[in-house]
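Heads up: the structure comes next, in structure tokens.
Please treat every number below as a calculation from the coordinates, not as lab data. All values reported here derive from a predicted model rather than from experimental measurement. Please note: Cβ atoms are built from the backbone with ideal geometry, for glycine as well, and neighbour counts cover all protein chains shown.
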Amino acid sequence: HTERQRKWRLFVDVERLKELTRLPSHNEATPRQPSESWNGVDESQLCEIGHLWTALKSSHASRVEQTIDMRLQLPAEINHSLLQMFNGVRANIRADISLDRGLEIFNSITTMGMGFEIVAYGFREGENLSIVQQIRQNDRQILSQRRQIPMKLRAVPSLELLPFQPQPGIGKGLSWDLTLLDTSASLSGAAQAKTVTLQVTCADKQEILMNGKQVSAFVASTEDGNARAWYSPDGVVLKQVYNLFGLEIIAVRQDLKKPSQSQNSQHQPSAAH
């Protein structure tokens, strides 16, 4: 009963991104506040910038291989120098997960604009995950570090780049933790790979559009509102917002069947996360 694949369309709010990267002019007493964050209803006014695909393949009854592929390409109209590295981002991640040990091995390669490449490799040693990270620019190594992260047996921190996972039993007032493995070391070399835990709460229901049809969705978010998701009543993530590499990314599920088709044929919640 595992979701064998997840496909996401990735978007940015171009106007909001321009506001966030715009330098205040000399005659402004106070900088203008950025516009409201996206409301989750309709992505038709957003700019599509790429995709993220996740696939799970059973190699054994108690073991799965997870592969993740992400592509990002910002539109030409966003030519801010701080965002140059997001031109042509490509991330490939592979992980081995078992029932008795959890996350066992992973490797990831992320290539970005300006010649940057981030490589990470990790393997379980008892109740620790040993991680080696390297950052290169134009084939010149600018950082290499190794560290160990405590990780309980059978723990599976998400490597999927987007934090929200299927949540059976979703309902108003439900709170739970999301644990991610963040290997996107800051390009200054200051940040090391780490696990990040976000506490999210399902606050209410909201009408949103999916495939052009109105559906009712549960809304979940972190306390600061920086990570938000819209869930179907059976716990499937329909849309989510998350800061990835410091960029606010909006993700919309692409591979779900349209609401007019059989509701029962939607994917089952994942047991691997």
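Tell me the mean residue ellipticity at 222 nm calculated for the chain from its helices only (DSSP H runs of n ≥ 4, each -39500 (n - 2.57), averaged over every residue, nearest 500).
Values: 1 runs with 8 residues, N = 273.
Computed mean residue ellipticity for the chain: -1000 deg cm²/dmol.
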Convex hull volume per residue in cubic angstrom - Cα atoms of the range 142-225: 152 Å³
Residues of type lysines that Lys152 reaches as a straight line, Cα spacing below 22 Å, ignoring anything fewer than 8 places off in the same chain: Lys194
Candidate aspartates and glutamates for bridging to Lys239, where Cα separation is under 17 Å - those fewer than 8 sequence places away on the same chain excluded: Glu3, Asp13, Asp42, Glu43, Glu48, Glu160, Asp204, Glu207, Glu248, Asp255
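So how much slack lies between Asn138 and His60, counting 0.36 nm per residue of separation and subtracting their Cα-Cα distance, in nm?
On the way: separation 78, 0.36 × 78 = 28.08 nm, distance 3.94 nm.
This chain segment gains 24.1 nm when fully extended.
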Label-point gap, in nm, between Trp53 and Asp224 - each point 7 angstrom along Cα→Cβ: 3.4 nm
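Mind giving me the FRET efficiency for Met114 and Asn211? R0 is 41 Å, r the Cβ-Cβ distance, nearest 0.05 is fine.
Values: r = 37 Å, r/R0 = 0.90.
Here the calculated transfer efficiency is 0.65.
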Asn79 paired with Asp177, simple spin-label distance in nm, labels 7 Å along Cα-to-beta-carbon: 4.7 nm
Relative contact order for the chain, counting Cα pairs under 8 Å that sit 6 or more residues apart, in percent: 16 percent
Residues of the range 86-103 with amide N under 20 Å of the 7 Å Cα→Cβ point at Ser130: 94-98, 101-103
Spatial extent of the chain: Rg and Dmax, with the Cα atoms as the point set, Å: 19.2, 66
Label point distance in nm, Ala155-Gln199, each placed 7 Å from Cα along Cα→Cβ: 1.8 nm
